[in-house]
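Visitor: Pasting a structure here, questions to come.
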Amino acid sequence: QVQLVDSGGGLVQAGGSLRLSCAASGRTFGGYTMGWFRQAPGEEREFVAAISGSGGSTYYQDSVAGRFTISRDNAENTVHLQMNSLKPEDTAVYYCAARWGPYGSNWYNYDYWGQGTQVTVSS
C-alpha cells in the first residue's frame, strides 16, 4: 500500500527545465517500481519513464530519452523526474505511479497514482 503526491509542474518556455517530485508513503517503498506517465488534452495516457525498486534500472519513452532523467531516493520515499530541453509536445498532466514488483510500461500495470501536476511548455 502506497500513497503518492506529485508536484513540481509549471509553465516554461521551450528549451527550459522542470523537476517533478513524487512523495510516497509506506514502509515498503523500495519494493515498488515507480513510473511517470503523462496525458495531454484529448490524448491517451502515455508512459514517460520508470525506475526499478532499487533504482538500478531505468526506462524511458524514446521521445524523452536523453532529455529526462528519473531518479529515486528510497530513504526519503521520493521519486523525481528531471526534465531538460523541454518541447511544446511535452505539455501534459504528469502523473507519478507505483506498481508492486517488476517494471511495466503500460498505465494499467500500475496500481497507485498521484493526483497529477500540469506541465506546460510554450513555443
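The values are calculated or read from the model by the stated rules, or taken from the named source; none is laboratory data. All values derive from a computational prediction rather than experimental measurement. Here the Cβ is made from the backbone with ideal geometry for all residues, glycine too, and neighbour counts use every protein chain on show. These accessible areas exclude ligands, DNA and RNA; they are computed on the full protein's heavy atoms, side chains included. Shrake-Rupley method; radii C 1.70, N 1.55, O 1.52, S 1.80 Å.
Visitor: Would it be correct to say that residue 29 is within 20 Å of residue 117 (Cβ to Cβ), open to solvent by less than 30 Å² (accessible area, probe 1.4 Å), modelled with pLDDT under 95 and not basic (Lys, Arg)?
Guide: yes
Visitor: Out of 51, 70, which single residue is in contact with a Leu (Cβ under 7 Å, 6 or more places away or on another chain), open to solvent by less than 50 Å² (accessible area, probe 1.4 Å) and without any contact (Cβ under 8 Å) to a residue 60 or more places away in the chain?
Guide: Only one candidate passes the filter, namely 70.
Visitor: Sticking with this structure for a sec: Which one of the conditions (1) out of contact with any Lys or Arg (no Cβ under 8 Å at 6 or more places or on another chain); (2) part of a strand (DSSP E or B) does residue 104 fail to meet, given that it meets all the rest?
Guide: For residue 104, the failing item is (2).
Visitor: Hey, another quick one. Can you report the number of residues in the stretch 84-123 which are exposed (fewer than 13 other Cβ atoms within 10 Å of the Cβ), in contact (Cβ under 8 Å) with a residue 24 or more places away in the chain and more than 15 Å from residue 22 (Cα to Cα)?
Guide: The total comes to 7.
Visitor: Which pairs have Cβ atoms under 7 Å, sit 6 or more apart or on different chains, and link a residue in the stretch 24-44 that is among the basic types (Lys, Arg) to one that is part of a strand (DSSP E or B) and open to solvent by 60 Å² or more (accessible area, probe 1.4 Å)?
Guide: Between residues of the stretch 24-44 that are among the basic types (Lys, Arg) and residues that are part of a strand (DSSP E or B) and open to solvent by 60 Å² or more (accessible area, probe 1.4 Å), the close pairs are 38/46.
Visitor: What's the number of the only condition in (1) buried (at least 20 other Cβ atoms within 10 Å of the Cβ); (2) over 12 Å from the mean Cα position of the chain (by Cα) that residue 63 fails to meet?
Guide: Only one criterion is unmet by residue 63, namely (1).
Visitor: In contact with a Ser or Thr (Cβ under 8 Å, 6 or more places away or on another chain) and not acidic (Asp, Glu): which single residue out of 14, 75, 92, 65 fits that description?
Guide: Every option except 14 fails the conditions.
Visitor: Here are some conditions: (1) in contact with a Gly (Cβ under 9 Å, 6 or more places away or on another chain); (2) within 19 Å of residue 12 (Cβ to Cβ); (3) assigned to a strand (DSSP E or B). Residue 85 meets all but one. Which one does it not meet?
Guide: Just one mismatch for residue 85, condition (3).
Visitor: Can you tell me which residues in the stretch 71-123 are within 13 Å of residue 29 (Cα to Cα) and hydrophobic (A, V, I, L, M, F, W, C)?
Guide: Answer for the stretch 71-123, where residues must be within 13 Å of residue 29 (Cα to Cα) and hydrophobic (A, V, I, L, M, F, W, C): 75, 79, 97, 98, 100.
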